[in-house]
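K.L.:
Please find one structure pasted underneath; my questions will follow.
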Amino acid sequence: MLNYAFLTAAVILFGLQFRFNQTYEREQGGGLAAAIRFIFYHSLFGLAVLVVIDLALASGIPGGVRAGDLPFPLLMAAMCTLDAIGYSYCSIMALGKVNLSLYAVFAMIGGMALPFAVGLFFGEPLTTGKILCLAIVTAAVLVTLNPKEKTRGLGWCLGVFVFNGMSGVIAKIYSAVQLPKVSDELYSVLCAAVTAAVAGVWLLFIKGEKKRMTKKAVLSCLGFGAFNRVANLLVLISLSSIPATAQYPFITGGVIIVSTVIALLTKQKPTKTEWVSMALSIAGLTVLLIVR
């Protein structure tokens, strides 16, 4: 049950992080340069938070890490970096052509379906509860889709589907593969460090006017980096005992619930479809936890 508590905390952090993302976009606008700058700063701030956590848990002491433990974690950290940049770029391109609800459908279903499929590849049992939960949460996502939305840019949405899903796939592979590796905490530090380094070098070669970072933009990067990196660490820790076939539908359904609750608390009136989506999500998670 402790790992489900970790997973619930991760869901809350994922649900809250979008507020920081929205604030950054309002302050800095869109475009590739703004996206890479966002990746750089939130990875840097997230790295600082993870280093504090790592040192507090005493898992990042250099003397306790052997050189032979690093190749696989560094390879997976590089994959995380490529995935993060690909996801950000496809998101920018997609949001310039399609509405937010269509974008969210591709992002959430990809983030749930691909890790689910990989979990089966690693021999996770396919139970009635998992199948029903996946179907119900998928319905919860699809019910928010507006059939009148413009569909131009579906290729970029497909990229969002793949890259968001690959985030969970990479985490599952790192957790499941039996190769020399470091602790989950130190691996998370490596992911943030490699991403910040690549984005920082990329920024040096981006031409054009560099928009000054406002105070709100910096605080948004700080908040997003802390919430996102800690949430991903909790997800990685939870994978040691919760299979991906249960974990990722739980995350997707949970984020829908948290987002609706946040809308209520911030006095934003949820639509009827959002209420239906939340009800379906609650039903899906209940089935997952009760039906075997």
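K.L.:
Would you check which residues across the range 18-39 are more than 15 Å from ILE92 (Cβ to Cβ) and crowded, with 21+ Cβ neighbours inside 10 Å and list them?
P.N.:
PHE20 - this is the single residue of the range 18-39 that is more than 15 Å from ILE92 (Cβ to Cβ) and crowded, with 21+ Cβ neighbours inside 10 Å.
K.L.:
From the residues in the range 213-241 that are part of a loop (DSSP other than H, G, I, E, B) and open to solvent by 20 Å² or more (accessible area, probe 1.4 Å), which one is nearest to ALA33 (Cα to Cα)?
P.N.:
MET213
K.L.:
Let me ask something else. Restricting to the range 141-163, what's the tally of residues that are at pLDDT 90 or above and within 22 Å of LEU280 (Cβ to Cβ)?
P.N.:
Adding up the residues that qualify gives 1.
K.L.:
Return the total of residues in the range 40-53 being β-branched (Val, Ile, Thr), touching a helix residue (DSSP H, G or I) at 6+ places or on another chain (Cβ under 8 Å) and either crowded, with 22+ Cβ neighbours inside 10 Å or free of Cβ contacts under 8 Å to residues at least 40 places away in the same chain (or both).
P.N.:
Adding up the residues that qualify gives 0.
K.L.:
Another question about this same structure. Regarding LEU264, is this residue open to solvent by 40 Å² or more (accessible area, probe 1.4 Å), without any contact (Cβ under 8 Å) to a residue 40 or more places away in the chain and assigned to a helix (DSSP H, G or I)?
P.N.:
So LEU264 fits the description; yes.
K.L.:
A further question on this structure: Within the range 1-17, can you find the residues that are open to solvent by 20 Å² or more (accessible area, probe 1.4 Å) and either touching a Cys at 6+ places or on another chain (Cβ under 7 Å) or assigned to a helix (DSSP H, G or I) (or both)?
P.N.:
LEU2, ASN3, TYR4, ALA5, PHE6, THR8, ALA9, ILE12, LEU13, PHE14, LEU16
K.L.:
Looking at the structure I just gave you, is ILE39 of a type in the set (A, V, I, L, M, F, W, C), modelled with pLDDT of 85 or more and under 18 Å from LYS211 (Cβ atoms)?
P.N.:
Numbers: of a type in the set (A, V, I, L, M, F, W, C): yes; modelled with pLDDT of 85 or more: yes; under 18 Å from LYS211 (Cβ atoms): yes.
Answer is yes for this residue.
The values are calculated or read from the model by the stated rules, or taken from the named source; none is laboratory data. Please read all numbers here as calculations on a predicted model, not as lab measurements. Note that we place each Cβ from the backbone using ideal geometry, even for glycine, and neighbour counts take in every protein chain shown. The accessibility values were calculated without ligands, DNA or RNA, using every heavy atom of the protein model including side chains. Shrake-Rupley method; radii C 1.70, N 1.55, O 1.52, S 1.80 Å.
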